[in-house]
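Participant: Pasting in a structure now, in structure tokens, and then I'll have a few things to ask.
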Amino acid sequence: MMVWDGVVACDLFLAGLGAGAFLLSILAGWAPGGSKKIRLIGSIVGPVAVAAGALTLMIDAKAGLGDPLRFFYLITNLGSPMTWGVLCLSIFLVVSVASLVVQLCRKDVPRALDVLGIVCAAGVATYTGVLLGYSASYPLWNLAVLPFLFVCSAALTGFAFVSAVAYFAARDELEKIGFLPKAEVALPVLVGLFLLVLLAVTATTGGEAGAVAATATVQGMLAGSNALVFWLGVVVCGIAVPLVAGVVRLRSAGRGVTGLSLAGYAAACIGGFALRYVIVVAAVGMTMGAGF
């Protein structure tokens, strides 16, 4: 039995952030001229964040650390989406660490390893939404929408975290990556659009019993006990502030990274966690459990 609460939100957030960070590291390496410092930053953040998230999941699932046999059953139960998630995380860690070792040896990462890394990062980011989506009892965890929302949010938070570190450690490289200003505008917009679609789909869930639960869930997010986290954490920090910072940078003459950009990066990370927290808590509450 696994309790779906704020601890699970931490796992989902860290996994998504790590996937997004590693994706940016690869794209930065492919950018004209290369961005070795940013690539190294993302290559470190990626596996560290995903490993921390996996450890959090093991602790919360009461598996592995105190009950090795139960964890062995978990990773061999191919009928569970959690099993595929663990396998996806494991492959990601192997690929990302291999990429990091190559870089630390001052060699060029093979293109094939990069392509595999992109696939693994996409898989980890998607799994965080699919994991929840398989719990059909909760209308908010809509399998058709939630993975897309989490993928966009993973890219936003991962890009933002790496960019925040690069603001202090490699600002010159950060300002030379041509696709980043556009991504800093596009990603908050996509997160907002998919969130709007998720709420609309949830609010119109068919069936009398399902409709009652769906309506209560959406109301709890918009005007109930989770409203502050939703509006301040998700909407303001996770969407509005990064979007404003991104638009200002995109429209500026030199597209330089400023203090406003840094504020946008920090807000995006806060909003990324708030998004996952409110989606988990609004669906099941802090005292309800669900198991696969």
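Participant: Give region 91-143 a look and list any residue that's in a loop (DSSP other than H, G, I, E, B) and either open to solvent by 70 Å² or more (accessible area, probe 1.4 Å) or modelled with pLDDT of 80 or more (or both), or say none.
Facilitator: Cys105, Arg106, Lys107, Asp108, Val109, Pro110, Tyr134, Ala136, Ser137, Leu143
Participant: Is there a residue being surrounded by fewer than 17 Cβ atoms within 10 Å (Cβ to Cβ), touching a residue at least 24 places away in the same chain (Cβ under 8 Å) and in a loop (DSSP other than H, G, I, E, B) anywhere in region 229-241?
Facilitator: no
Participant: Looking only at region 168-189, how many residues end up being buried (at least 18 other Cβ atoms within 10 Å of the Cβ) and in a helix (DSSP H, G or I)?
Facilitator: Selection size over region 168-189: 10.
Participant: For Val48, only one of the following conditions fails: (1) at pLDDT below 60; (2) surrounded by fewer than 19 Cβ atoms within 10 Å (Cβ to Cβ); (3) under 24 Å from the mean Cα position of the chain (by Cα). What is its number?
Facilitator: All conditions pass for Val48, except number (1).
Participant: Here are some conditions: (1) in contact (Cβ under 8 Å) with a residue 24 or more places away in the chain; (2) polar (S, T, N, Q); (3) surrounded by fewer than 17 Cβ atoms within 10 Å (Cβ to Cβ). Asn226 meets all but one. Which one does it not meet?
Facilitator: With (1) in contact (Cβ under 8 Å) with a residue 24 or more places away in the chain; (2) polar (S, T, N, Q); (3) surrounded by fewer than 17 Cβ atoms within 10 Å (Cβ to Cβ) applied to Asn226, the lone miss is (3).
Participant: Somewhere in region 58-73, is a residue touching a Cys at 6+ places or on another chain (Cβ under 9 Å), surrounded by 14 or more Cβ atoms within 10 Å (Cβ to Cβ), under 23 Å from Val278 (Cβ atoms) and at pLDDT below 80?
Facilitator: Within region 58-73, one or more residues are touching a Cys at 6+ places or on another chain (Cβ under 9 Å), surrounded by 14 or more Cβ atoms within 10 Å (Cβ to Cβ), under 23 Å from Val278 (Cβ atoms) and at pLDDT below 80.
The values are calculated or read from the model by the stated rules, or taken from the named source; none is laboratory data. All values derive from a computational prediction rather than experimental measurement. With ideal geometry, Cβ positions are generated from the backbone for all residues, glycine too; neighbour counts draw on all protein chains shown. The accessibility values were calculated without ligands, DNA or RNA, using every heavy atom of the protein model including side chains. Shrake-Rupley method; radii C 1.70, N 1.55, O 1.52, S 1.80 Å.
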